[in-house]
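Have a look at the structure below before the remarks.
No lab work stands behind these numbers, since they all come straight from the coordinates. Values in this document were obtained by computation on a predicted structure and should not be read as measured data. For neighbour counting, all protein chains shown are included, and Cβ atoms are generated from backbone atoms with ideal geometry for every residue, glycine included.
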Amino acid sequence: MLWVVCVFLCVCARSLAVPVAGPRISSRSKVLLVSFDGFRWDYDRDVDTPHLDAMARDGVKAPYVTPAFITVTSPTHFTILTGKYIENHGVIHNMWFNTTTSEKKPYYQTQFVNEWWDNGSVPIWITAQRQGLRAGSLHFPGTASTYQGESAEVSEVEPWFYNYSNETAWRENVDKVMGSWFREKDLDFVSMYFGEPDSTGHKYGPDSPERIEMVKQVDRTVGYLRNSAASNGLTDHLNIIITADHGMTTVYRNGLVKEITLSKIPGFSFRDLVFHLVDYGPTGMLLPKEGMLEKVYNALKGAHPHLHVYKKEDMPSRLHFANNARILPIILWSDPGYVINGYFPVQFNKGEHGFDNENLDMKPFFRAVGPAFHKNLVVEPFETVNIYPLMCHLLGITPEPNDGHLGATQAMLISSEPPEVSHERLCITVILPLLWGSL
Ligand SMILES: *[C@@H]1O[C@H](CO)[C@@H](O)[C@H](O)[C@H]1NC(C)=O
Ligand SMILES: *[C@@H]1O[C@H](CO)[C@@H](O)[C@H](O)[C@H]1NC(C)=O
Ligand SMILES: *[C@@H]1O[C@H](CO)[C@@H](O)[C@H](O)[C@H]1NC(C)=O
Ligand SMILES: *[C@@H]1O[C@H](CO)[C@@H](O)[C@H](O)[C@H]1NC(C)=O
Ligand SMILES: [Zn+2]
């Protein structure tokens, strides 16, 4: 027994003595997850993006990734953080709602409804912290909430009426995450969120010159971020994943098309409903009154060639948007170009998302760079549920049950072994207590 103890102590001592780059940065493998909201997969095709191109040369690129349905911000970000489809994590909409009182809360206010987020799944911050790592989050959807009583150790939630487009503030946040959170505080995992190019895509449309300018701003920020990682001595430790929650597509209007307005559909009446969630882009959910489900369904089904109408139990299983008590009995979505209006058209965005995730315009971009990743490699597209198990692997932690697979992203990794540096932690958290127990 004694010689076993000796060997273990020697191995542990050796790994603890591994020289580190700075006085405070551990040699462990770190992960930064960055989301640029609404960055469609092909936004780099009509604009010069030298920093994104350099990142692809130095790392891995997927032509696109497939988000979860419905393709909206809070639900799809929570899929990235948990590895679960939306029906399995419960954050089914950007908006919190109560079908009894008809109360609704928009995106920002919903960030502070704890029960909406803490519905049985834990995001990667908690997975990591429970296994001895340290996590932070800046502005990422879900950051304000606690999960089974825990939250990200270091976090920053944006104030109300925050300006999500300010490049100076973006740079300050990058410096904070790199210099303070990763280098000084020595965090292992950080998620970071930018609200563009989503806002610009909504307001001006994905084909606008304004969107092109915003993609240049994103590209400059990617360059700034990688520079900041290098100047903080993080390059050899830090794996950076940059992706988004969904894409964007142009909405048709000005009499070009027959718009979808539910009140104009013969046989349909809002009086047959207890509650509805429409006027919110291309998806909708309806709760009919007792005994009215068939009437509402029959009135809407086939009423417009670009409106899809499903009873919850008949939802295509590939969409993974049915098996949750929060999803209402009738689900609607429109084809790209169309949004769903209730009484009359009240939506004026030139760009929208939320559509079927099979539609190419809904697919975000994906880039990764760092010591764990191959260089100059383009991998096959994959679903964003697979990002969570990838990040857990990079951190050397055991994932919670999830809908993703490490196999979907393994081709981008240099080694399929968990990162060697996790050895040090194994000594402290597993082997040493075992030895003490046996002595
Ligand atoms: C909705 O509101 C009703 C009435 O105030 C309340 O009883 C119920 O618990 C609420 N449901 C949710 C999910 O908040
Ligand atoms: C999830 O939320 C629903 C109400 O929206 C609630 O009935 C259910 O108990 C919650 N589940 C967990 C595990 O928190
Ligand atoms: C946000 O900040 C930028 C400056 O970086 C400015 O150009 C823009 O007008 C601001 N937006 C709003 C809505 O204030
Ligand atoms: C942009 O952010 C910087 C740094 O936080 C701030 O000083 C400036 O006032 C902001 N500008 C606008 C237009 O919000
Ligand atoms: Zn979004």
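Would segment 91-214 count as rounded, prolate or oblate if I go by the C-alpha gyration tensor, calling it rounded below 1.5 in a/c and otherwise prolate when a/b exceeds b/c, oblate otherwise?
In terms of gyration-tensor shape, oblate.
For the chain, with a Gaussian network of springs between Cα atoms less than 10 Å apart, report the residue from Gly354, Gly255, Gly136 with the top mean-square fluctuation.
Judging by the Gaussian network model, the answer is Gly255.
Calculated FRET efficiency, Ala303 and Tyr164, Cβ-Cβ r, R0 35 Å, to nearest 0.05?
In this case the efficiency is close to 0.45.
Could you grab the relative contact order for the chain? Cα pairs under 8 Å, six or more apart, rounded to a whole percent. Before the final figure, lay out each step's value.
On the way: 916 pairs, mean separation 124.6, N = 439.
The normalised contact order for the chain reaches 28 percent.
Round to a whole angstrom and tell me the spacing of the C-alpha centers of segment 67-83 and segment 148-215.
17 Å
Taking the Cα of Arg220, stepping 7 Å toward and past its beta carbon, and measuring to each backbone N in segment 41-83: which are under 15 Å?
48-52, by backbone N distance to the label point.
What is the sum of charges, Lys and Arg at +1 and Asp and Glu at -1, for the other residues whose Cβ falls under 12 Å from the Cβ of Gly59?
+3
Kindly state, to the nearest 0.05, the FRET efficiency for Val157 paired with Lys264, given R0 = 35 Å and r defined as their beta-carbon distance. Working shown, then result.
Details: r = 41 Å, r/R0 = 1.17.
Once rounded, the FRET efficiency stands at 0.30.
Using 7 Å Cα-to-Cβ label points, what is the Asp48/Phe112 separation (nm, one decimal)?
Rounded to a tenth, the inter-label distance reads 4.5 nm.
Can you give the FRET efficiency for Glu417 and Asp186, using 1/(1 + (r/R0)^6), R0 = 25 Å, r = Cβ-Cβ distance, to the nearest 0.05? Please list the in-between numbers first.
Numbers: r = 23 Å, r/R0 = 0.94.
Efficiency computed from Cβ-Cβ geometry: 0.60.
Among Phe348, Phe366, Phe39, determine the one that fluctuates most according to a GNM of the chain built with springs between C-alpha atoms less than 10 Å apart.
So, out of Phe348, Phe366, Phe39, the one fluctuating most is Phe348.
Quick check: the distance between the Cα centres of segment 239-259 and segment 302-353, to the nearest angstrom?
15 Å
When the helices in the chain are scored as -39500 (n - 2.57) per DSSP H run of 4 or longer and the sum is shared across all residues, what 222 nm value do you end up with, to the nearest 500 deg cm²/dmol?
Details: 14 runs with 121 residues, N = 439.
Counting only the DSSP helices, I get -7500 deg cm²/dmol.
Quick check: the angle from helix 73-82's long axis to the longest principal axis of the chain, C-alpha only, nearest 10 degrees?
For helix 73-82, the angle is close to 30 degrees.
On a full-extension model of 0.36 nm per residue, what is the gain between Glu294 and Lys312, subtracting their alpha-carbon distance, rounded to one decimal in nm?
On the way: separation 18, 0.36 × 18 = 6.48 nm, distance 1.25 nm.
Result for the pair: 5.2 nm of gain on full extension.
Classify segment 258-367: rounded, prolate or oblate, from the alpha-carbon gyration tensor (a ≥ b ≥ c, eigenvalue square roots; a/c under 1.5 rounded; otherwise prolate if a/b is larger than b/c)?
Numbers: a/c = 2.00, a/b = 1.31, b/c = 1.53.
Oblate, because a/c is 1.5 or more while a/b does not exceed b/c.
After finding the eigenvalues of the alpha carbon gyration tensor for the chain, what semi-axes result from the square roots of 5 times each, listed largest first in whole Å? Walk me through the numbers on the way to the answer.
Working: eigenvalues 356, 124, 64 Å².
That gives 42, 25, 18 Å for the three semi-axes.
With respect to the cross-link table entries Lys105/Lys176; Lys264/Lys311; Lys105/Lys311; Lys30/Lys185; Lys264/Lys289; Lys61/Lys350, which display a Cα-Cα separation exceeding 23 Å?
Beyond 23 Å: Lys105/Lys176; Lys105/Lys311; Lys61/Lys350.
Across segment 274-288, in residue order, what do the Karplus-derived ³J(HN,Hα) couplings come to in whole Hz, using 6.51 cos²θ - 1.76 cosθ + 1.60 with θ = phi - 60° and x for Gly and Pro?
Once θ is set to phi - 60°, the couplings for segment 274-288 become 7, 7, 9, 10, 10, 6, 9, x, x, 10, x, 9, 10, 10, x Hz.
According to a simple spin-label model (label point 7 Å from Cα along Cα-to-Cβ), what is the distance in nm between Asn376 and Ser208?
3.9 nm
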